[in-house]
1. Once all Cα-Cα distances of segment 230-298 are split into 5 Å bins that start at 0, what whole-number percent is in each one?
2. With all pairs of different alpha carbon atoms counted, what Kirkwood hydrodynamic radius in Å does segment 236-348 show?
3. Quick one: work out the % antiparallel among DSSP beta bridges in segment 2-229, nearest 5.
4. When you count, for each residue, the other Cβ atoms within 10 Å and take the mean per peptide, how do 212-222, 233-243, 56-66 rank with the highest first?
5. Could you work out the relative contact order of segment 226-287? I mean the mean sequence separation of Cα pairs under 8 Å and 6+ apart, divided by the number of residues, in percent.
6. Based on the Cβ-Cβ distance of residue 35 and residue 254, what FRET efficiency does E = 1/(1 + (r/R0)^6) give at R0 = 35 Å, to the nearest 0.05?
7. So for segment 236-348, averaging the separation of alpha carbon pairs under 8 Å that are six or more residues apart and normalising by length, what relative contact order in percent results?
8. Can you classify segment 80-150 as rounded, prolate or oblate using the Cα gyration tensor, where a ≥ b ≥ c are the square roots of its eigenvalues, rounded means a/c under 1.5, and otherwise it's prolate if a/b beats b/c and oblate if not?
Ligand SMILES: Nc1nc2c(c(=O)[nH]1)N[C@H]1C(S)=C(S)[C@@H](COP(=O)(O)O)O[C@H]1N2
Ligand SMILES: [Mo]
C-alpha cells in the first residue's frame, strides 16, 4: 500500500504524490477512511525528526514562540472539528473537454474528503503570541520545496486574521482519531474549515503575523481566481455512486453523493434527474455531522435502459443554485468547477 492508500487509487503523479480514490470509495461515509483520503502535494514528502521539530510563531506578534509538539499539547486545550477539505482542482476533468489545461492534474470527483481533526485552536496559539494590530493576515509555512513554483520554494499560504482567529481553525496532529499520517502533514498541519484545501498547510513549522497576504507562490500566484486568492469554498454537490461508466441493471437504482454549502448556510434541496432535468426528484439529506462537513444525500431513481446521464444539483438556504455548466466557469488553471454533477452509466433490462 503506497503511502498508506488503497490499491485502486487514481495516481495522477508519483513524485510528488498526487492521488484520489475512486469516487465510490467516498460514498455513504461521513468520515473518509484515511486510505481513501485524497493526497495533494506540490513537493516531495519532507523528512521531519519529531525530536528537533519546533513550531515557530513570529512576524507581527508581541511574543515570539518556539514550541515543541509536547509543549503545544500541554499548554493549550485540545479541540476537535469535523471538516471537509476540497482541492481547488477537484473536478478539473470537467473542464478539459472545453479547453485543455496543461501542467495541472486532471482531478476527478474525489479530490475532496472529510475527517475528524484534533489539535489546538490556532487562535489560542495566536493569543499566546499576542498578534499586534498590524497583523491583517496569518501566514503558514511548510518545509516541502515545490519545484512547480516560480521560483521553486517551500509551500506556504495565508488567511485573513478574522478567519485565523475563528474557533474552527486548528493546528491538528490527529485525523479520524489516529495520529496524523506523514502524508497528511505530521507532526502538525493547519486545518482551515470552509476554505479551499490549499490554505490547510501541512508540516507547518512557522506561523507569521503579516500586514499583507503571504507573498508565497501558492498565495500570490497560484490558487487565485479572477485576481483574488481563493478562500471560501463555492456551493457544490457531486454524485459518489454509481461511478461514471458503470454498467447497471435498469430499474430502481440508488444514487448517493454529497453537497457542500458556504459558511452559515444549509443545504436546502438536492435534486436528481435521469432525463436531463425534465423530471427532478428530491434527494434525502443525511444528518449534519458538523457545520464544516459535507452533507451526504441519497435517493432511488428509476433507471431507463440504455445510455443514461444522471444529474444532480444543490440549492442552498439562501436560494443560490450551483451553476449549470462548466463552460462559463472554465479558467486557465482549472480551479473550482462547481457545475452540476453528472455521471454516465449504461443500463440494460433483464
Ligand atoms: N506543506 C504543504 N501543505 C499543503 C500542500 C502542499 O503541497 N504542501 N498542498 C495543499 C493543497 S493544494 C491541498 S488541496 C491540501 C491537501 O491536503 P491532503 O493532501 O491532506 O489531502 O493540502 C494543502 N497543504
Ligand atoms: Mo489543492
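1. 3, 14, 24, 23, 16, 10, 6, 2, 0
2. In segment 236-348 this quantity evaluates to 14.6 Å.
3. 90 percent
4. Values: 212-222: 18.1, 233-243: 22.5, 56-66: 15.2.
Going by the mean number of other Cβ atoms within 10 Å, highest first, we get 233-243, 212-222, 56-66.
5. 27 percent
6. It comes out at approximately 0.90.
7. Computed over segment 236-348, the figure is 36 percent.
8. Working: a/c = 2.91, a/b = 1.78, b/c = 1.63.
Judged from the Cα gyration tensor, segment 80-150 comes out prolate (a/c at least 1.5, a/b above b/c).
Computed from the coordinates by the stated procedures, all read-outs in this text should not be read as laboratory data. Remember, it's a predicted structure, so these values are computed and weren't measured experimentally. Note that we place each Cβ from the backbone using ideal geometry, even for glycine, and neighbour counts take in every protein chain shown.
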